[in-house]
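See below for the structure under consideration.
The values are calculated or read from the model by the stated rules, or taken from the named source; none is laboratory data. Note that the structure is a prediction, hence the values are computed from the model and not measured. Cβ placement follows ideal geometry from the backbone for every residue including glycine, while neighbour counts extend to all protein chains displayed. For the accessible areas, the whole protein counts, side chains as well, though only heavy atoms, and no ligand, DNA or RNA atoms are used. Shrake-Rupley method; radii C 1.70, N 1.55, O 1.52, S 1.80 Å.
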Amino acid sequence: MVARRRKRAARESDSGVPTLPGYSAIPIKFSEKQQSSHYLYVREHKVREGTKSSWPQKRTLFVLNVPPYCTEECLSRLLSPCGSVQSVKLQEKPELAESPKEPRSKFFNPKPVPGFQVAYVVFQKPGGMSAALALKGPLLVSTESHPVRSGVLKWIRDYTDSVPDPEALRVEVDAFMETYDRKIAEEEAKAKEEEGVPDEEGWVKVTRRGRRPVLPRTEAASLRVLERERRKRARKELLNFYAWQHRETKMEHIAQLRKKFEEDKQRIELMRAQRKFRPY
């Protein structure tokens, strides 16, 4: 118990606020009626030297412990007094190596049920990030001017948003198919250009498109093909014979087992009749 108390005391500051090494704590509340505060942990987003990042340095704030009811718009509004917010991105977990990704479709890749998330907040100027690190709070997520829906109202909104718009879905599918057709056409054109062209080492890449037309067969070639087919049929018949023989052997073995089982049953009945059967 003493060790647990010491560990807990080490995690809390003098004011009783839970702390995380290397992070600043920002208290937030869902509304004014809420008595206890929830804490966001923020720090400057940094990467190792030589590592490419899609988030601009000196202007990106990394946020931990973002609750499910705090959306990107809410987070942008809470941090906007510190400076102009350029973008806010919520994710399930932090990225080890940031790189630009292709946008995912909202129709074919629906968002999972959100839990506690992390966020990358990009400010217009480095001063905005410095001011965010010095925030004291508590900040209100839901206010009279900017109410945040929760409970049944939130479920109704989420269900309404999950129903796809047929016209928007058609536009996205058409755009995807156009991109796919363009990609296939480029690959076919490239393969046609490289057909029969040797590489640096003199090798010629053989493709399905680059096959030569079949030459007419001579009489000797036809006889060789017929002989090959005859051998294949003979080999197939031999394999079928062995398969039939194997099946017969299995059937005989099963019949012997059944016969032995019946003999054992009769012997047990006889022992019971003679009262010599003692299982224990």
Taking R0 as 35 Å, what's the FRET efficiency between Ala221 and Glu186 from their Cβ-Cβ distance, rounded to 0.05?
-> 0.30
Environment charge of Val141, counting only residues whose C-beta is closer than 14 Å and scoring Lys/Arg +1, Asp/Glu -1 | +1
Using the Karplus curve 6.51 cos²θ - 1.76 cosθ + 1.60 with θ = phi - 60°, work out ³J(HN,Hα) for each residue of segment 175-182 in order, rounded to whole Hz, and write x for Gly and Pro.
-> 5, 5, 5, 5, 5, 5, 4, 5
For Arg228 and Glu263, what is the calculated FRET efficiency with R₀ set at 51 Å and r taken between the beta-carbons, to the nearest 0.05?
-> 0.45
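Once fully extended, how much extra length lies between Gln34 and Asp165, figured as 0.36 nm per residue of separation less the alpha-carbon to alpha-carbon distance?
Length difference between fully extended and current span is 43.4 nm.
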Could you state how much accessible area Asp165 has, in square angstrom rounded to the nearest 10, with a 1.4 Å probe and all protein chains kept in place?
-> 90
Stretch Met271-Lys236 to full length: gain in nm at 0.36 nm per residue minus the Cα-Cα span?
-> 7.3 nm
Extension gain from Lys250 to Gln86, taking 0.36 nm per residue of separation minus the Cα-Cα distance | 51.4 nm
Using θ = phi - 60° and the Karplus curve 6.51 cos²θ - 1.76 cosθ + 1.60, what whole-Hz ³J(HN,Hα) does each residue of segment 25-34 get, with Gly and Pro shown as x?
-> 9, 10, x, 9, 10, 5, 8, 5, 6, 6
Considering only protein heavy atoms, with the full assembly of protein chains and a 1.4 angstrom probe, order His146, His45 by accessible area, largest first.
-> His146, His45
